[in-house]
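Presented below is the structure to which this report refers.
The values are calculated or read from the model by the stated rules, or taken from the named source; none is laboratory data. Since we're looking at a predicted model, the values are computed, not measured. Positions of Cβ are backbone-derived with ideal geometry, glycine not excepted, and every protein chain shown enters the neighbour counts.
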């Protein structure tokens, strides 16, 4: 009973910490992975991993740094799985002096950091965007203060040479654009059977913060078909990435309420649908552009 009570208190503290920390975790993971939706997926995985480890957590430690460390490690695992290679650690003596970041940090830096290796990317984000101390960063990225200083110097020098270069747009194939357009058109016309024809039989579904599993078992389209709330989809972009924007009619005006991401196989069928309607922080984490919407 004593162990149960201790876990319950720890779980309440866990939920309270998440409610305050969640937007920052998402912003960090989004910039590390280069995608707002990938960032949310990484946060979900990190929080699940943290919950599973909660019974062994040392109550004498603060929760927030522990959660940040887990989220950071999940980002690194994600980048490794995606084939990003880390830059080797500098073996030479590391300088004590750090080049200043300047009086203001442009939001563009959050996108330019994608050009950096993971360790430099993390150090620049944590220091120049989130204003962590060198000691906090060293603990989070499992390095030394000297290692963090060296990574900051390298990262800032590289960023200085990149700031005037335009960022290449992300390319979506014409075939994929057509699938996006058909998905939007069939959803808006309530052609649920036609929508299902676009989706593979073994497709996966993520309704962030609600459900993760088989699309067939999730009852996803059935839920939307029964809703009395007025929903529409439109084509758009989230930080330059082709996305579907979920709109809700409220007081006579359409409001952006969520992002839907489609992962499409080479042969043209949707293999994964990710719906971020229940994650409002996603809507403020980047630039959303609505296209081709006729209210």
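Data table
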quantity: Filter result (touching a helix residue (DSSP H, G or I) at 6+ places or on another chain (Cβ under 8 Å) and either farther than 16 Å from residue 22 by Cβ or assigned by TED's automatic domain parsing to the domain that holds residue 141 (or both)) within region 56-68; calculated: 57, 59
quantity: Qualifying residue in region 100-111 (condition: modelled with pLDDT under 80, out of contact with any strand residue (DSSP E or B) (no Cβ under 7 Å at 6 or more places or on another chain), surrounded by 19 or more Cβ atoms within 10 Å (Cβ to Cβ) and outside any loop (DSSP other than H, G, I, E, B)); calculated: yes
quantity: Filter result for residue 263 (assigned to a strand (DSSP E or B) and surrounded by fewer than 18 Cβ atoms within 10 Å (Cβ to Cβ)); calculated: yes
quantity: Members of region 177-195 that are surrounded by 16 or more Cβ atoms within 10 Å (Cβ to Cβ) and in contact with a helix residue (DSSP H, G or I) (Cβ under 7 Å, 6 or more places away or on another chain); calculated: 183, 186, 187, 195
quantity: Out of 131, 135, 87, sole residue that is part of a helix (DSSP H, G or I) and either touching a helix residue (DSSP H, G or I) at 6+ places or on another chain (Cβ under 9 Å) or at pLDDT 85 or above (or both); calculated: 135
quantity: Per-region count, region 124-139, residues under 19 Å from the mean Cα position of the chain (by Cα), surrounded by fewer than 21 Cβ atoms within 10 Å (Cβ to Cβ) and within 17 Å of residue 64 (Cα to Cα); calculated: 1
quantity: Subset tally (residues that are touching a residue at least 40 places away in the same chain (Cβ under 8 Å), surrounded by fewer than 21 Cβ atoms within 10 Å (Cβ to Cβ) and more than 21 Å from residue 197 (Cα to Cα)) for region 266-284; calculated: 4
quantity: Matching residues, region 16-32, being over 13 Å from residue 78 (Cβ atoms) and in contact with a helix residue (DSSP H, G or I) (Cβ under 9 Å, 6 or more places away or on another chain); calculated: 16, 17, 18, 20, 21, 22, 23, 24, 25, 26, 27
quantity: Any hit, region 165-181, residues being within 27 Å of residue 67 (Cα to Cα), touching a residue at least 40 places away in the same chain (Cβ under 8 Å) and in contact with a strand residue (DSSP E or B) (Cβ under 6 Å, 6 or more places away or on another chain); calculated: no
quantity: Enumeration of residues in region 244-256 that are farther than 15 Å from residue 188 by Cβ and modelled with pLDDT of 90 or more; calculated: 255, 256
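Residue-wise test of (1) touching a helix residue (DSSP H, G or I) at 6+ places or on another chain (Cβ under 6 Å); (2) surrounded by 14 or more Cβ atoms within 10 Å (Cβ to Cβ); (3) not assigned by TED's automatic domain parsing to the domain that holds residue 198.
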{"position": "215", "(1), (2), (3)": "no, yes, no"}
{"position": "220", "(1), (2), (3)": "no, yes, no"}
{"position": "229", "(1), (2), (3)": "no, no, no"}
{"position": "232", "(1), (2), (3)": "yes, yes, no"}
{"position": "236", "(1), (2), (3)": "no, yes, no"}
{"position": "243", "(1), (2), (3)": "no, yes, no"}
{"position": "258", "(1), (2), (3)": "no, yes, no"}
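The rows are residues; the columns are (1) closer than 23 Å to residue 275 by Cβ; (2) modelled with pLDDT of 90 or more; (3) buried (at least 16 other Cβ atoms within 10 Å of the Cβ).
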{"position": "1", "(1), (2), (3)": "no, no, no"}
{"position": "4", "(1), (2), (3)": "no, no, no"}
{"position": "12", "(1), (2), (3)": "no, no, no"}
{"position": "19", "(1), (2), (3)": "yes, no, no"}
{"position": "22", "(1), (2), (3)": "yes, yes, yes"}
{"position": "25", "(1), (2), (3)": "yes, yes, yes"}
{"position": "30", "(1), (2), (3)": "yes, yes, yes"}
{"position": "34", "(1), (2), (3)": "yes, no, yes"}
